[in-house]
1. Tell me the net charge near F:S85. Cut-off is 10 Å between Cβ atoms, F:S85 excluded, with +1 for each Lys or Arg and -1 for each Asp or Glu.
2. Averaging sequence separations of C-alpha pairs under 8 Å and six or more residues apart, then dividing by the length of chain D, give the relative contact order as a whole percent.
3. Normalising by the residue count of the stretch B:32-151, find the relative contact order in percent from Cα pairs under 8 Å and 6+ residues apart.
4. Tell me the distances, shortest first, between A:D86 and the same position across the other copies, using label points 7 Å along Cα→Cβ, in nm to one decimal.
5. Please report, in debye to the nearest 20, how large the charge dipole of chain D is about its Cα centre when each Lys and Arg carries +1 at its beta carbon and each Asp and Glu carries -1 there.
6. Would you mind counting up the charge near D:A177? Only other residues with Cβ under 12 Å from its Cβ, with Lys and Arg at +1 and Asp and Glu at -1.
7. I need E:M207, F:M76, D:M233 ordered by Cβ neighbour count within 10 Å, fewest first.
8. Within straight cross-link reach of B:K65, meaning Cα distance under 22 Å, which lysines are found once same-chain residues fewer than 8 apart are removed?
Protein chains: 6
Amino acid sequence: MTDPTASSPAIARPSGRAPDQLREIRIERGFTRHAEGSVLISFGDTRVLCTASVDNKVPGFLRGKGEGWITAEYGMLPRSTHTRSDREAARGKQGGRTLEIQRLIGRSLRACVDRGLLGERTITLDCDVLQADGGTRTAAITGAYVALVDAINGLVASGAIKLPSCGRTPVFGAIAAVSVGIYRGVPVLDLDYAEDSDCDTDMNVVMNDGGGFIELQGTAEGHAFRRDELDAMTTLAQSGIERLIELQREALAG
Amino acid sequence: MTDPTASSPAIARPSGRAPDQLREIRIERGFTRHAEGSVLISFGDTRVLCTASVDNKVPGFLRGKGEGWITAEYGMLPRSTHTRSDREAARGKQGGRTLEIQRLIGRSLRACVDRGLLGERTITLDCDVLQADGGTRTAAITGAYVALVDAINGLVASGAIKLPSCGRTPVFGAIAAVSVGIYRGVPVLDLDYAEDSDCDTDMNVVMNDGGGFIELQGTAEGHAFRRDELDAMTTLAQSGIERLIELQREALAG
Amino acid sequence: MTDPTASSPAIARPSGRAPDQLREIRIERGFTRHAEGSVLISFGDTRVLCTASVDNKVPGFLRGKGEGWITAEYGMLPRSTHTRSDREAARGKQGGRTLEIQRLIGRSLRACVDRGLLGERTITLDCDVLQADGGTRTAAITGAYVALVDAINGLVASGAIKLPSCGRTPVFGAIAAVSVGIYRGVPVLDLDYAEDSDCDTDMNVVMNDGGGFIELQGTAEGHAFRRDELDAMTTLAQSGIERLIELQREALAG
Amino acid sequence: MTDPTASSPAIARPSGRAPDQLREIRIERGFTRHAEGSVLISFGDTRVLCTASVDNKVPGFLRGKGEGWITAEYGMLPRSTHTRSDREAARGKQGGRTLEIQRLIGRSLRACVDRGLLGERTITLDCDVLQADGGTRTAAITGAYVALVDAINGLVASGAIKLPSCGRTPVFGAIAAVSVGIYRGVPVLDLDYAEDSDCDTDMNVVMNDGGGFIELQGTAEGHAFRRDELDAMTTLAQSGIERLIELQREALAG
Amino acid sequence: MTDPTASSPAIARPSGRAPDQLREIRIERGFTRHAEGSVLISFGDTRVLCTASVDNKVPGFLRGKGEGWITAEYGMLPRSTHTRSDREAARGKQGGRTLEIQRLIGRSLRACVDRGLLGERTITLDCDVLQADGGTRTAAITGAYVALVDAINGLVASGAIKLPSCGRTPVFGAIAAVSVGIYRGVPVLDLDYAEDSDCDTDMNVVMNDGGGFIELQGTAEGHAFRRDELDAMTTLAQSGIERLIELQREALAG
Amino acid sequence: MTDPTASSPAIARPSGRAPDQLREIRIERGFTRHAEGSVLISFGDTRVLCTASVDNKVPGFLRGKGEGWITAEYGMLPRSTHTRSDREAARGKQGGRTLEIQRLIGRSLRACVDRGLLGERTITLDCDVLQADGGTRTAAITGAYVALVDAINGLVASGAIKLPSCGRTPVFGAIAAVSVGIYRGVPVLDLDYAEDSDCDTDMNVVMNDGGGFIELQGTAEGHAFRRDELDAMTTLAQSGIERLIELQREALAG
């Protein structure tokens, strides 16, 4: 098998980035005041406001089981995009893409929380895209993780959650996400809109800090992708996610 | 008639402001990149993102009449408020308050535009509340005016709108809005959430730079308000709006 | 300040009325049989059926607080208007105007009821426009007040509500509403459709029998209105509302 | 076969009517002003406002075929009934009963109109129940027929519809409807609410002035009904409908 | 009165059937595995999957009354018909025809069940049309009866329902349904699509095994039908339903 | 890397299948009559009816471009599952899972069609689950491919689609799908419900007959999955899809 990442000098990404280079990532905690966690995350020009809201109730199917719940909602401001999109509230329903993304965010973040330790409360992660330039769902997951940790730390600090004697907290790992794709034949990391709308394959990868896969969603846009391309993409994704998890740690330490 | 504003020393506003004092107002143009106008306006802790989007179509009732249209949509991010509100897109409909506010914004801004000069295009003003602390609708109107001017200036600069020989532009006046109320018996300007939820009367006033009223909506929350209170409130509103229009001019000049 | 009402001889209202003249008002109690209060009110050709329905429950946010609730719904029969409008039930949602009006009716009538004395029950005021000729919301408020009093008197008569020893009833004041506007430069009272669709300013005023303002909603349709015009309009409104409250009393005594 | 109507002396209807006796029927034309036909019909305490609205368009499936369309919508005011029902516009959809009734009204009235002579226009019959006491759908059909004739006569009088040289008009027969049922074992005509909610069988019959059946909808509420009961009910219905058609003629002549 | 069925030799039905001849009827129990009753019924090319699902709850209006409930839902697969119809789930609502049919199925089957003996449980009959060729609602009722009996027999067999000492079961009679009509002047039994779309009158008849009528719904499509035609149609229906009830018995015995 | 499939003897699948063994697959063409393609596909107890409907129109965004469109809708009959689910048409909206699946089916099948050769027509694939036992989306894709080929072959046979001189048809490859997962630590092929609800990782794979990936969607249900597990799962999927494509060919040849 040839190493597809090795061939990258042959192409120029529209942004001038190297194939394995993330966009500039910024994580701004406390962007708004009311939420228990509030993070503005930027992946280049993609900016997503992620808030974590704590509610002392759980959905019906969990009532009385002593477990908590993590759920997510996703939205794009109508003019976060190049041309204005309809407001979903005005159209009277959330589209399929929206529902798909918010289900993905929720599943991803449930994968790092001990819901028994959380107790009977729900944390809702609202991920609202202020500006879109590709990769909104991966930015949302990466930012929502930070908001979630802030909210849970608040619950621990206030005594609402009592830690067990071993000191284990309800968050047992870090979660981050990034997109990878095949752009003009070359595997690239963290696609922006210009690449995303012109690539052959687009894959969203969610991983934890143990290097395990949480979610993997790949779609052949142009031609079917091969197993070696899959390998190259997951390798790129892993390196990107390791860097994102470092940036999450720095932000949380800041 | 006694002057109710004169009695203000007797009370303390929760914020410590004088009765006729606005909150700190900030107007940040170009907050996002894609929209033809994009303004983040802050009235203290109330922050509203106002974007203006140009579309070269008009609603059915105006087709072929050579006139443009100005319309508005309003939304609150679910956790812009103290406790999380349901996402309207998820509930499947916009509530009465939302519809009422977006109708108000649209009417207010149509009052400063020559729709014949605008030509057959629609400008949609999306006002999305990132953080709420009272007065979101008045902040929205005041910020949307700046986004609207930016969008129309862009149309003039690109030659899409040809100005008549007299040089008259489609925007023939400035529009701003502020709330006033009777708080513990004293008329006050620009209510924040603490005042708004505890006042006797709440009035939203929209005026133009000629000192004329565009919209006036007053509601007695506690007891009915008297004519002298109405006078005191409209006087306060006028002074506040004059200041807001100055700030709009400075922002547009900046 | 000149007195704008003094200049009225100079114009002719389409109806031939004097500027300060109400349309013919009729209030017919007991128009239908099942409701606890049922009033057909006519402001000229505008006819609104207002019913008051008592339910021994309150909305969730009031449960267990010992207080009652007053709410309103508004609708127009599809062919109450010059051209048929879509039936909101068939379109699957109530429009913004409908929601705005029913919120206004509800707020207005809550301003005359002691909800503690009412006890844990809800009174719903359904205001259905059988024929529209301008001013449907003000006719609705004025008629709904009479239906509300009938319903509450019924509760007192049946012993469901026990009055305190002071004899105070849950209704502590009268409420009526009227529209005023600037028509061809002249302030006029109680606009009909011909005036409403051709006026410069349109204002809906709700007041109580103490001369206090409950709601004030003014909109500049043509040009912005001045403070002296505001004064002239509120003066006209006050005189109209005084007359409407007399007519309510006569109807209730009849 | 015994004649079940002969046995009627044995029972007392709650209203004291004879088994074959209609309630008091009133047909008031011109009840509202805007519609091309507007009829308030009363079957005793059941009162339905039926308006006919003409629109110079047809639904998509008829466009360009030179034929017209007759359709109907039905609604009940929330407090037309003993206890308040939800407003369908507020619930966001029309219930199954409503849809079923409005489909029945539309089919029934299409059975008396030559849609080719009508030309490419739609007549919508809005049947809104102001007060319900049983038999609202049959009152609606009987009243809507009168509103429909008024609307079509208006089109002929204005020259919008040109009659063929034979003078044939678009309405080629009269249509009326009545309910019949088996109440305590006895067939009765024109059930009111007290009977309707306590009967064994309920049947709605629509017939034309030639004695032909247009619609027949019978439901066994208690026990299954026999063929002789079916015969007795249709005989009663026919006599009632003959009388209703006389009353329609008198109203149209008045 | 002449016997209209006697004249049948004069016409040819598109299918070549005799006027009083049913299509080939097949009743296949256990078509799917999960439901408590699951029947695929065919009336010729019309194929409807009827499942009965038991739920140990009742709707709110029956709670605590010791009675059960029988309800039905109906749907057509989008391409069960000649041309594809919109999927109701995608359109966001069930149409009037669907609601009307499912109300009919529910009422019909409640007429053969002792809801006291059933106890506080709901049986939902889902009738989904896999292939439509006329008469889907009558096939649905006839098949749903078999699924209902299977479900109730299962409850008895498992001991969930205890029979009274007299051995009476909750199902006290058989129910079946068939359509009849006047096709080219001749009464015919069990219309297929070719006849249904070209007939003068269409009537759906639901009867029990005692020969009593449960539901009768006749509609004149072309001209009004006469009493002798009604008699001929109900006679035909009765013979068809007797045969269907035999086939139900055989299927249940099989 | 150890070969995880080699370790399979250590576990017992609930069904007794070998880890790399598909369930019994049946593909029945012409299951219903009206659709241009109609396939009942079974993956064991999972049975999905897939119909292909041709419409000579395209969605707005493709009008006038000379290209066709392939889209899909998915539904589950309410009692296809162990316990009855709500009917989406009755709830008034399609859930997120439904939308996600139908988007997946549509994308997958567009990957094998030359939309230029198809011409301006839409083929809608309706995939309705009659019985569910895990893997409904992969069965749907596999069956819908066969229905699609039947529909396109019909268009070619009727001359509606003219093939280019090279003889290339609009379908340029085969598409099939299967699920794989990690069940009790062992990679297994084609999960049934018992495995699906108790597995650690669940992955749906869509591939073409060239061995390329079209879609890959993996979700860690229990713990994050490793790269070697990913490799083992995709290897299993590939072998399963090769077998499914053989079965599709046999069915199409049959």
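Any read-out appearing in this document is the output of simple, stated calculations on the displayed coordinates, not a laboratory observation. The structure displayed is predicted, hence computed values, not measured ones. As a convention, Cβ positions derive from the backbone with ideal geometry for all residues, glycine included, and neighbour counts pool all protein chains shown.
1. +2
2. 22
3. After rounding, I find 47 percent.
4. Here A:D86 shows inter-copy label distances of 1.2, 1.2, 2.1, 2.2, 2.4 nm.
5. Charge dipole, chain D, about its Cα centre: 960 debye, nearest 20.
6. Its environment carries a net charge of 0.
7. Ranked by crowding around the Cβ, least crowded first: F:M76, D:M233, E:M207.
8. Correct list for B:K65: B:K57, B:K162.
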